[in-house]
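One structure is given below, encoded as structure tokens.
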């Protein structure tokens, strides 16, 4: 059943198609987006080294309670849809999770080999916690438990094989009309992009739509292959529930 206004929390790990997905939703006239609301909080709380961390912390609100209040509060600009791009690793264990009941929580997944290969190109020495698979599985189980339903799961590979069919299926599942404008967008940066975009968003800035899927092979270090083996069970747990158009 359609919720109005519709607050969508799309939970993914890094180096997914999460920014392109955000572009698609932002291209709807009835939707406003928010890029990684908890990123500054996460960096400040953990002290982890990320590209441009100090700039992100200075730019963003780091009060988690205030951020959460905005996530579940009034939708900006009076829009019908509030699309929030979230990273699973940003929702640290010490944060309350009851607010998730006020959102429609969706999960965007990608094969761990592809994630770790892409992540390593920007930030080396990744750990399992850095790529968000364990956190995503935990959140999925929590949302399923509190809602009594299996949340929407979107596999990036299968999405890119037929973006239109997948977007139509996603919109149908959410009880809203599919808008063809979701399939393409103007090239370049957006005001909605976080200040970290210059470190992570090159491919999206150069895109005008979802890139066609091409099978790839990945050359991974021994350390990264171990992380892939650790991450795969969490990926497969959600993959079995993936949306099929």
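The values are calculated or read from the model by the stated rules, or taken from the named source; none is laboratory data. Quick caveat: nothing in here was measured; it's all calculated off a predicted structure. Here the Cβ is made from the backbone with ideal geometry for all residues, glycine too, and neighbour counts use every protein chain on show.
At-a-glance table
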read-out: Of all residues in segment 113-161 being farther than 23 Å from residue 173 by Cβ and out of contact with any helix residue (DSSP H, G or I) (no Cβ under 9 Å at 6 or more places or on another chain), the one that is surrounded by the most Cβ atoms within 10 Å (Cβ to Cβ); value: 118
read-out: Answer residue from segment 170-179, given it is exposed (fewer than 15 other Cβ atoms within 10 Å of the Cβ) and free of Cβ contacts under 8 Å to residues at least 12 places away in the same chain and is nearest to the chain's Cα centre (by Cα) among those; value: 172
read-out: Near pairs, Cβ below 8 angstrom, 6+ apart or cross-chain, from segment 143-164 (without any contact (Cβ under 8 Å) to a residue 12 or more places away in the chain) to any residue that is outside any strand (DSSP E or B) and surrounded by fewer than 19 Cβ atoms within 10 Å (Cβ to Cβ); value: 144/150
read-out: Residue that is modelled with the highest pLDDT, among those in segment 194-213 that are in a loop (DSSP other than H, G, I, E, B) and touching a strand residue (DSSP E or B) at 6+ places or on another chain (Cβ under 6 Å); value: 208
read-out: Check on residue 227, crowded, with 17+ Cβ neighbours inside 10 Å and in contact with a strand residue (DSSP E or B) (Cβ under 8 Å, 6 or more places away or on another chain); value: no
read-out: Condition met for residue 187 (at negative phi, outside any strand (DSSP E or B) and in contact (Cβ under 8 Å) with a residue 12 or more places away in the chain); value: yes
